[in-house]
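The values are calculated or read from the model by the stated rules, or taken from the named source; none is laboratory data. Just so you know, these numbers come straight off a predicted model, no measurement behind them. Positions of Cβ are generated from backbone atoms using ideal geometry, with glycine treated the same way; all protein chains shown enter the neighbour counts.
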Amino acid sequence: MTKRKSNYIGPKIINTLLPIGLAFFIGGIIILCIGENPLEAYQIMLGKSLFTVKGFLNTLHYASPLLLTGLAIAITFKANIFNMGVEGQLLLGGFFAGITGASLNLSNSVAEKLICMLVGMTCGVLFALIPAILRAYFHVDEMVVTLMLNYAMIKVLEYLSSGPFREAGSGYVCTPVIHESAMFQRLGIENSRLTMFFFLAFAVLIVMTFVMTKTKLGMEITAIGKNPDFAEATGMRVRRKIIILMCISGGLAGIAGAGHMMSEKFKYTLGFSGTTGLGWDGMLIALLGRHNPIGILLAAIFYSALKTGADNINMYTSVPKEIVEVLQGLIILFLAVQFLDEHFGLKERIMKLKNREEVA
Amino acid sequence: MDFIGGILYDCLYHAVPILLCVLGGIFAYKANVLNIALEGMMLAGAFVSVLVSFQTGSIVLGYLSAILICMVIGLIFAFFGVTCKGNVIVIGLAINMSITAIAGFVLQLMNSANIKLDFTNAADFKIDLPFIKNIPLIGDILSGHTVITYISFLAVIVIWFLMYRTKFGVYVRVVGENEDSAKSLGLNTNKYRYLAILLGAFFCSLAGINLALERMTIFTNNMTAGRGFIAIAAIYCGRGDPLSCSIYAIVFGLARALSVNLSLYAGAAAAVFDVIPYVVMSVVLTVVSMVKYRNRKVRGI
């Protein structure tokens, strides 16, 4: 069994690395077209954010919400459910965590952080509950609903942050800054931005890995993903599992939003989750990480390095930092296709070819 | 009376991009390739049409290049999804993200937040219908739309004909319903999938042109604002039937027109009215699904 597993890894790694290579190749052509040196651009992009200590710690810091959103999407993909509302859930979680952090001022900072996190998580869960119930009881396609509700949520938050919850003194649309007791302080290693939130996200990753691989719930979810009718026939309560799963996914997204608020942004602005949005980045990470915890960790770090590197690229070259989003789209595009069949190892494949040649 | 006329005019006005996307998505839906990339293709149509018109000063060139580029994107989608058998949902989302990113990239290179055409304005594209214009109310509603608006309503009939009265339509439906039996008939299933997707790309490019070039002569990034996804919801509601899907598209147009017209009176809470179309569509989708499954007694999904 172990031997067969090791055979599988070869094509898996190729299938993961090849899309990245292809995307960088096409990205390189685009950079060439605007008259810049692609190699130099890539070196600036990845060199600082991966190969210096401070840069790497910053990369880890920015990877923390990505870890959670990647996880949120990966677990739903596993059950063949598409929770595309991670972005909306993250925004809602972040927004209300921010409001809580700004209005509540407890002397105990641990309790305050905990409350903010819980508020964020609850918001994420509640928002995910709508498509979950529609899917489980009314057979409404959850993908379409979540995709549309994202836009609705962005509009609602736009209203809330520019209307009732707007910080009166500020020149642009934002909510009040959260109290210091609700902020994750920088740990100050190498002067980097790393906070406790990264370790929290990492802990959540480990817990979820345990849940997904070692508990009954995790196994049932995998079974539902493979064949929902069979799962139902064997007596699993598919509807309830779908709701639970969507709630977990929404909760993770909510925590990601709350953490992003408390460790990085400190107030809700209209560009809270960046240009592609942390929720959408999560999709890349889930796909790149092949729905596997170690994969998700590596993918989150890799993508976060790209994103932090994008700021450097903007500073030192004339390449717009939007190139990173182009790369992201291309990577996802190529990831959707399996270049090599993963059900056969490389060795078996070569053997097969050899046999065929001998027959011929 | 003017108020109602205004709402109904806006209803047609806002329904058009969705309607075109719906018409584009129907064949792909029937061929069992869910085309999530409608949104991205529409954005590409909007972007390319305005960009090319801006650079060359020729509107016709803008139209043609938008259609061409959308067809290329359709080909890419079809190649990855049909030939390489990738996950179409993931490919569709990837295309949506790539188009937004490329548009953002180009806008950044041009150093501006939007592209605005200065040699023409939206009024140039409006056509007054000769006789209908003079009829009160109806004239106000039906006259003064753009070329693509009229084309889109004619296209509903064309698509219906294509789907139910031609060989092509039957074959596409067979491919979607049962690929094996289609193959046993000797059909080249991939060919029909490609054609269905390309037809979708064509209509999406029209939707994009209508949205950006014809209506406002301006392009801002992400101006499609989820219309492609709403079109998919409409397709789900109508289960791929051109006429009923079109009606859902117009329902969305009405929701949008209401949200725009009512928000004029709402003052500070105007932004909340933008939510109406998305909520209406979700509710409609729920009701349709409830009706569809009401008589099913089988346990399970």
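The figures follow:
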item	result
Residues satisfying the stated conditions in segment B:78-87, i.e. more than 7 Å from every other protein chain (Cβ to nearest Cβ) and either surrounded by fewer than 23 Cβ atoms within 10 Å (Cβ to Cβ) or under 16 Å from A:ASP281 (Cα atoms) (or both)	B:PHE79, B:VAL82, B:THR83, B:LYS85
Condition met for B:ILE73 (at pLDDT 90 or above and buried (at least 22 other Cβ atoms within 10 Å of the Cβ))	yes
Single match in B:ILE102, B:ILE115, B:ILE95 (criterion: among the aliphatic types (A, V, I, L, M) and either within 23 Å of B:ALA255 (Cβ to Cβ) or crowded, with 23+ Cβ neighbours inside 10 Å (or both))	B:ILE95
Looking only at segment A:118-144, and only at residues there that are part of a helix (DSSP H, G or I) and without any contact (Cβ under 8 Å) to a residue 40 or more places away in the chain, the one that is farthest from the other protein chains (Cβ to nearest Cβ)	A:LEU118
Odd one out for B:GLY45, checked against (1) surrounded by fewer than 24 Cβ atoms within 10 Å (Cβ to Cβ); (2) within 24 Å of A:THR275 (Cβ to Cβ)	(1)
Members of segment B:206-250 that are surrounded by fewer than 22 Cβ atoms within 10 Å (Cβ to Cβ), within 14 Å of another protein chain (Cβ to nearest Cβ) and more than 30 Å from B:ILE102 (Cβ to Cβ)	B:GLY238, B:ARG239, B:GLY240
Filter result for A:GLY271 (within 25 Å of A:GLY329 (Cβ to Cβ) and within 13 Å of chain B (Cβ to nearest Cβ))	yes
Single residue of segment B:273-292 satisfying the filter (of a type in the set (S, T, N, Q) and touching a Phe, Trp or Tyr at 6+ places or on another chain (Cβ under 8 Å)) that is modelled with the highest pLDDT	B:THR286
Residue check for A:ILE34: of a type in the set (Val, Ile, Thr) and in contact (Cβ under 8 Å) with a residue 60 or more places away in the chain	yes
Of all residues making up segment B:126-174, the number that are closer than 17 Å to B:LEU195 by Cβ and polar (S, T, N, Q)	1
Residues within segment B:96-123 that are farther than 28 Å from A:LEU333 by Cα, within 23 Å of the chain's Cα centre (by Cα) and without any contact (Cβ under 8 Å) to a residue 40 or more places away in the chain, tallied	1
Residue match in segment B:187-201 (condition: in contact (Cβ under 8 Å) with a residue 60 or more places away in the chain and over 25 Å from B:ALA44 (Cβ atoms))	no
The lone exception for A:CYS247 - which of (1) crowded, with 17+ Cβ neighbours inside 10 Å; (2) within 13 Å of another protein chain (Cβ to nearest Cβ); (3) out of contact with any Gly (no Cβ under 7 Å at 6 or more places or on another chain) it fails	(2)
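Conditions (1) over 28 Å from A:PRO131 (Cα atoms); (2) surrounded by fewer than 21 Cβ atoms within 10 Å (Cβ to Cβ); (3) more than 23 Å from the chain's Cα centre (by Cα), marked per residue:
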{"position": "A:LEU157", "(1), (2), (3)": "no, no, no"}
{"position": "A:GLU167", "(1), (2), (3)": "yes, yes, yes"}
{"position": "A:GLY171", "(1), (2), (3)": "yes, yes, yes"}
{"position": "A:PRO176", "(1), (2), (3)": "yes, yes, yes"}
{"position": "A:ALA182", "(1), (2), (3)": "yes, no, yes"}
{"position": "A:ILE189", "(1), (2), (3)": "yes, yes, yes"}
{"position": "A:PHE199", "(1), (2), (3)": "yes, yes, no"}
